[in-house]
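Trainee: Here it is: the structure, laid out below.
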Amino acid sequence: MAVHRNSQDYDDIGAPMPLDAGLGPDGTRRRALSDRKALRAVCRVVARRHRSERQGRRRRVHSAGVEGRPGPVEEVIGLSTLQVEYTEAELLADHEVAEPLMAKGVRCHGGFNGTGEYVSPRTKNRWPAIRAWEQQRLEQFSSPILDIPLESWPENFPNVEQSKLLLRNGVREPTISALTRIGTVEGFGVMLRTLAIPDFERSFDEDIAGTAVAHIDGGLFEAHARDEAGFDDEAGHNVMWFVARDIAFEDPVTEDQTARMLARMGIGAGPRTDAELTAMRDAARAARALPDDIDFTLEVLAGRMIGLLLIEISAFHGFAWAEALLSDPDLVAGDGEAARIIGYIRSDEAPHVAWLRTALSEMRDRTWVGEHGEKHKGSEMISRLWDRAVSDSLLLRRQDNLKFVLHEIELATAHRRDAADLLEEMLSLGTVVRRPDGSLVDEQSPQLLG
Ligand SMILES: [Fe+2]
Ligand SMILES: [Fe+2]
């Protein structure tokens, strides 16, 4: 395959790259959901257009002002020219490509334009829409967009040098296992389709017409799910990671080995039972972060979106690690093709980070309305969910991840006489150290419990 360039390495809103969460691919169900959603989307768009016409004058006059006050005339004109209403079909539309992306015989989503630049799937209107929503939000609320720097998370463990040492010594399984795990988690993106959608108009005091929030169930979740898990005959990120792994390591795992590997990670192959889902929901309700009068469906949705955003941003460490490792022709096969595929996936993640940041900022900027009309500051609601999610992401998952990864390395080296020396040498190349009691700590960021 020809060497192509990425055209979307960084999004215009300034976000770093990303990845995801949810459960395995299911073609038929997806199709049924998609048909039903298409009908609902048409009804929604008609309703929205009527509402927009009714509210047009008011929005044009007040849109640029802060807290309802009219802004400068030129801002009003600028905003009135933005398209902020999109149909689901528009948000799912692809650019024309001169050449589709094929990898190891697999038709992947996206492709290359006439000048050889990679173009992400479903971005023909999605990018302009996200930019318009964010510009509108800034003009309406003048608040900074929600953000968290990538540096909040430590680098990948094992890091690039540690992974290279293992590969030079013939220890391939931990890297293969990591690539399998990332691809599997990407496939969880289909779960977005199963999330219950609250009544947004009732949930917020201020208008939500023409916002990213209003399009969550009108194309944004669907586009995101398709990017992560594929759609029709085009592979998504899950399969693309597996293809990259298979190119770099020349088809290293059987289905059986993959299932065992995922079981070690605590990732089940089948869907959860109704009883398990009910138990999870009950536990979440008992641990609510928001006041009882706030619609629980809204709390769950906003919480999931925040969790997803944190995964998407922190995953940039994983992309950097994988691209550095898989582009080394002395250690892996494929002459860098595997790394290029990861680069394309990274490009596709930029709109995920961007729309989540804008939609969550829109929620934060608004007043949340409780069941009996109580008013709550959106900034307070989002900050409660945000703080909890950040703490979970930095503390709990880091410790679990370190333990799991080290266990994979120990498993892969257990049969070797030099296992202890190799492990010691590997740890000397990074900041994670093993305490005498066996627990792990990252010296670079000891506050992260790992
Ligand atoms: Fe992804
Ligand atoms: Fe993503």
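The values are calculated or read from the model by the stated rules, or taken from the named source; none is laboratory data. Predicted model, so just to flag it, every value in this text is computed and none were measured. All Cβ positions, glycine included, derive from the backbone under ideal geometry; neighbour counts span all protein chains shown.
Trainee: Only one of GLU99, GLU67 is surrounded by fewer than 16 Cβ atoms within 10 Å (Cβ to Cβ), modelled with pLDDT of 95 or more and more than 25 Å from the chain's Cα centre (by Cα); which?
Mentor: Answer to the check: GLU99.
Trainee: Now for a separate question. May I ask you to verify whether ASP227 is within 16 Å of ligand 1 (Cβ to nearest atom) and touching a Gly at 6+ places or on another chain (Cβ under 9 Å)?
Mentor: Yes; evaluated as a whole, the condition is true for this residue.
Trainee: For residues that are buried (at least 20 other Cβ atoms within 10 Å of the Cβ), touching a strand residue (DSSP E or B) at 6+ places or on another chain (Cβ under 8 Å) and small (Gly, Ala, Ser), tally how many sit in the range 366-408.
Mentor: Looking only at that region, the number is 1.
Trainee: Quick one: which of GLU312, GLU276 is in contact (Cβ under 8 Å) with a residue 12 or more places away in the chain, of a type in the set (Asp, Glu) and closer than 18 Å to MET191 by Cα?
Mentor: Among GLU312, GLU276, only GLU312 is in contact (Cβ under 8 Å) with a residue 12 or more places away in the chain, of a type in the set (Asp, Glu) and closer than 18 Å to MET191 by Cα.
Trainee: Determine whether the range 246-260 contains at least one residue that is more than 16 Å from ligand 2 (Cβ to nearest atom), at pLDDT below 95 and more than 30 Å from PRO158 (Cβ to Cβ).
Mentor: The answer is no, given that none of the residues of the range 246-260 is more than 16 Å from ligand 2 (Cβ to nearest atom), at pLDDT below 95 and more than 30 Å from PRO158 (Cβ to Cβ).
Trainee: Restricting attention to the range 388-396, does a residue exist that is in contact with a Phe, Trp or Tyr (Cβ under 9 Å, 6 or more places away or on another chain), modelled with pLDDT under 95, closer than 23 Å to GLU155 by Cα and among the hydrophobic types (A, V, I, L, M, F, W, C)?
Mentor: Yes, that holds for at least one residue.
Trainee: Report every pair of residues separated by at least 6 positions or lying on different chains whose Cβ atoms are under 6 Å apart, first residue within the range 400-429 and on the phi > 0 side of the Ramachandran plot, second surrounded by fewer than 13 Cβ atoms within 10 Å (Cβ to Cβ) and not in a helix (DSSP H, G or I).
Mentor: Between residues of the range 400-429 that are on the phi > 0 side of the Ramachandran plot and residues that are surrounded by fewer than 13 Cβ atoms within 10 Å (Cβ to Cβ) and not in a helix (DSSP H, G or I), there is no close pair.
Trainee: Next up: Looking at VAL369, VAL441, can you tell me which residue is on the phi < 0 side of the Ramachandran plot, of a type outside the set (Ser, Thr, Tyr) and free of Cβ contacts under 8 Å to residues at least 60 places away in the same chain?
Mentor: Only one candidate qualifies: VAL441.
Trainee: If you don't mind, another one. I'd like to check something: does the range 283-302 contain any residue that is of a type in the set (Gly, Ala, Ser) and within 16 Å of ligand 1 (Cβ to nearest atom)?
Mentor: no
Trainee: Evaluate the following for THR184: is it outside any helix (DSSP H, G or I) and either more than 15 Å from ligand 1 (Cβ to nearest atom) or on the phi < 0 side of the Ramachandran plot (or both)?
Mentor: For THR184, the condition - outside any helix (DSSP H, G or I) and either more than 15 Å from ligand 1 (Cβ to nearest atom) or on the phi < 0 side of the Ramachandran plot (or both) - is not met.
Trainee: Could we say that ALA225 is within 16 Å of ligand 2 (Cβ to nearest atom), modelled with pLDDT of 95 or more and under 30 Å from SER379 (Cβ atoms) here?
Mentor: Against the criterion (within 16 Å of ligand 2 (Cβ to nearest atom), modelled with pLDDT of 95 or more and under 30 Å from SER379 (Cβ atoms)), ALA225 qualifies.
Trainee: Checking the condition out of contact with any Cys (no Cβ under 8 Å at 6 or more places or on another chain), within 24 Å of TYR86 (Cα to Cα), surrounded by 23 or more Cβ atoms within 10 Å (Cβ to Cβ) and among the polar types (S, T, N, Q), which residue from SER120, SER177, SER142, SER163 passes?
Mentor: SER120
Trainee: Return the residues of the range 338-384 that are part of a helix (DSSP H, G or I), more than 16 Å from ligand 2 (Cβ to nearest atom) and either under 17 Å from PHE141 (Cβ atoms) or of a type in the set (S, T, N, Q) (or both); say none if nothing qualifies.
Mentor: SER361, GLU362, MET363, ARG364, ASP365, GLY378, SER379, GLU380, MET381, ILE382, SER383
Trainee: Then there's this: Looking at (1) over 21 Å from PHE157 (Cβ atoms); (2) within 14 Å of ligand 2 (Cβ to nearest atom); (3) aliphatic (A, V, I, L, M), which one does ALA333 not meet, given that it meets all the others?
Mentor: That leaves (2) as the condition not met.
Trainee: Would you check if there is a residue in the range 324-334 being surrounded by fewer than 24 Cβ atoms within 10 Å (Cβ to Cβ) and assigned to a helix (DSSP H, G or I)?
Mentor: Yes, the range 324-334 contains at least one residue that is surrounded by fewer than 24 Cβ atoms within 10 Å (Cβ to Cβ) and assigned to a helix (DSSP H, G or I).
Trainee: Can you name the condition, by its number, that THR211 falls short on among (1) under 18 Å from PHE319 (Cβ atoms); (2) under 20 Å from the mean Cα position of the chain (by Cα); (3) modelled with pLDDT of 95 or more?
Mentor: (1)
Trainee: Still on this model: Sort through MET305, MET240, MET280 and tell me the only one that's more than 16 Å from ligand 2 (Cβ to nearest atom) and under 24 Å from the mean Cα position of the chain (by Cα).
Mentor: Result: MET280 is the single residue among MET305, MET240, MET280 that is more than 16 Å from ligand 2 (Cβ to nearest atom) and under 24 Å from the mean Cα position of the chain (by Cα).
Trainee: So GLU85 clears everything in (1) farther than 22 Å from GLU362 by Cα; (2) at pLDDT 50 or above except one condition, right? Which one?
Mentor: Condition (1) is where GLU85 drops out.
Trainee: Hey, can you tell me all the residues within the range 136-159 that are part of a helix (DSSP H, G or I) and not aliphatic (A, V, I, L, M)?
Mentor: Correct list: GLN136, ARG137, GLU139, GLN140, PHE141, GLU151, SER152.
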